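Trainee: Quick one: structure below, then a few questions.
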Amino acid sequence: MAKTYGKFMLSLTGKDSHKVNITPGQGRFTIAPKTSDEKADAYVEADTPIQWEVFNDFKVPAGGNWPRVMDYVGNDTRFIKWTEQREMESFDWRLMAPATVDFSKAKIEYLSVDNNDYSLDIKLGNKWLRGLSLQGNPHKITLEVVVPLEDISFHISTEKKNNTPVFLPKFEALKDLTTINISTPVGGQPFDCESLLQFKKLKTVRLDGNMCNMEALGKLNLSGIEVRYCPDMTGLPPLSTWADFSYCIFWNVEEVRGKVLRKELKKLEKTRELSEYASVSNLHPKSWFATEFNIPFASWEGKNGREAMKAYKETLKAVKKAKEEKEVRSLLEALIAVINGLPNIETTEREDTYEAVCQLADVASFAIEEEKITQWFDEAREF
């Protein structure tokens, strides 16, 4: 049995091609190109062939295969044939080029594939597959299923400064789904729930992130619904809509609809026995989602990004405690002063700074006219 922790040579792309350092108890191994910005245990260019069989000699002390979880960023799809002979608990793969692949014989329990906005033609389905996650752009995925799938997760990439809803294209291969998980960034484009109506057998829907057209969920015969980190639940049907409703989780969601949901749940519990967990908790004003997940400076790189984020977070804490308008103005001017001192502030950065100032003003415990905020911004900025 080969050594599975400490420093040792690994013949990944050739004889002793990589020196790796594995910490005791580490079950995950990551392979990625240096250009991918992914922290990896071994760096391999995307199109370089990998000797996947090198891992066949590695076992954990209890006797199972090591690594238990493999992360791979690249284009050597021969790992699929390798997993047809060797069981893998979890395999996470991110494409770096278009691919046509067949996982129908792979012995992978949990498979995650990020198409990274490339075209992906994927064949799936066997007794080994227990969990499937498709990430990236669903409109560039063509799906064939050998054994019907009942559960799937979609993690959809969105654009930050775009309000156009994203949706799932028609997936005829998924007509037997009973459970679906949809995840989008909180600060990105909303997911259009109406595109879920193609899955007529859905019983459980789990939604994470920015959503829209939630009223469409009322057309499904749901028994359970979970919603997390949702900044706007406008249109969500009353819980009494679903005749078979038995459980729900609403966690870190906006407070307006959330408070109504709490009342609906109490009322429903008096007339119906809920067989499973039901909870509405961690309610927040909509401004919380902006300041926690949609910080305009998040895309800034280098020292400018670090300085702007630091100033933003410090200003946020102080604005929450502010008692007077003039105090908020002083705090916002101090933030702008920090940005004034940074180099290369151009049109995009100026727009980000204005957006940040508006977000922070919105956090104050009292309303401030946007006209005043714009005036303060223009008077204080030097960019």
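The values are calculated or read from the model by the stated rules, or taken from the named source; none is laboratory data. Everything quoted here is computed from the prediction, not taken from an experiment. Heads up, the Cβs are rebuilt from the backbone with ideal geometry, glycines too, and the neighbour counts pull from every protein chain shown. Note: areas computed on protein heavy atoms with side chains; ligands, DNA, RNA excluded. Shrake-Rupley method; radii C 1.70, N 1.55, O 1.52, S 1.80 Å.
Trainee: Report, by residue number, each residue of the range 71-89 that is open to solvent by 20 Å² or more (accessible area, probe 1.4 Å) and assigned to a strand (DSSP E or B).
Mentor: Within the range 71-89, D71, E89 qualify.
Trainee: Would you mention how many residues in the range 73-94 are over 18 Å from L132 (Cα atoms) and of a type in the set (A, V, I, L, M, F, W, C)?
Mentor: Adding up the residues that qualify gives 1.
Trainee: Looking at the range 345-379, which of its residues are under 17 Å from S330 (Cβ atoms) and among the aromatic types (F, W, Y)?
Mentor: F366, W376, F377
Trainee: Does the range 266-300 hold any residues that are surrounded by 12 or more Cβ atoms within 10 Å (Cβ to Cβ) and assigned to a loop (DSSP other than H, G, I, E, B), and which are they?
Mentor: R272, L274, P285, N294, I295, W300
Trainee: Take the residues in the range 233-243 that are assigned to a loop (DSSP other than H, G, I, E, B) and open to solvent by 50 Å² or more (accessible area, probe 1.4 Å), then tell me which one is farthest from T179 (Cα to Cα).
Mentor: T234
Trainee: For the range 193-222, which residues satisfy the criterion of being open to solvent by 30 Å² or more (accessible area, probe 1.4 Å) and in a loop (DSSP other than H, G, I, E, B)?
Mentor: Of everything in the range 193-222, those that are open to solvent by 30 Å² or more (accessible area, probe 1.4 Å) and in a loop (DSSP other than H, G, I, E, B) turn out to be K200, K201, K203, N213, N221.
Trainee: Conditions: (1) within 30 Å of A356 (Cα to Cα); (2) out of contact with any strand residue (DSSP E or B) (no Cβ under 6 Å at 6 or more places or on another chain). F199 meets all but one. Number of the miss?
Mentor: With respect to (1) within 30 Å of A356 (Cα to Cα); (2) out of contact with any strand residue (DSSP E or B) (no Cβ under 6 Å at 6 or more places or on another chain), F199 is out only on (1).
Trainee: I need every pair where a residue in the range 19-38 that is part of a loop (DSSP other than H, G, I, E, B) has its Cβ under 6 Å from the Cβ of a residue that is of a type in the set (S, T, Y), sequence separation at least 6 or different chains.
Mentor: P24/Y5
Trainee: May I pose another question? Which pairs do you get when a residue that is of a type outside the set (G, A, S), found in the range 260-278, comes within reach of a residue that is part of a loop (DSSP other than H, G, I, E, B), reach meaning Cβ atoms under 6 angstrom, with the pair 6+ apart or on two chains?
Mentor: Going by the 6 Å Cβ cut-off, the qualifying pairs are E264/P238; L274/S246; E276/S246.
Trainee: Does at least one position in the range 251-265 carry a residue that is open to solvent by less than 30 Å² (accessible area, probe 1.4 Å), closer than 27 Å to A367 by Cβ, part of a helix (DSSP H, G or I) and at pLDDT below 95?
Mentor: Scanning the range 251-265 turns up no residue that is open to solvent by less than 30 Å² (accessible area, probe 1.4 Å), closer than 27 Å to A367 by Cβ, part of a helix (DSSP H, G or I) and at pLDDT below 95.
Trainee: Can you work out which of the residues in the range 133-189 that are of a type in the set (V, I, T), out of contact with any Gly (no Cβ under 9 Å at 6 or more places or on another chain) and open to solvent by less than 60 Å² (accessible area, probe 1.4 Å) is nearest to V101 (Cα to Cα)?
Mentor: I141
Trainee: I'm trying to understand the selection: among the residues of the range 47-70, which are within 25 Å of the chain's Cα centre (by Cα) and open to solvent by 80 Å² or more (accessible area, probe 1.4 Å)?
Mentor: Within the range 47-70, R68 is the sole residue that qualifies.
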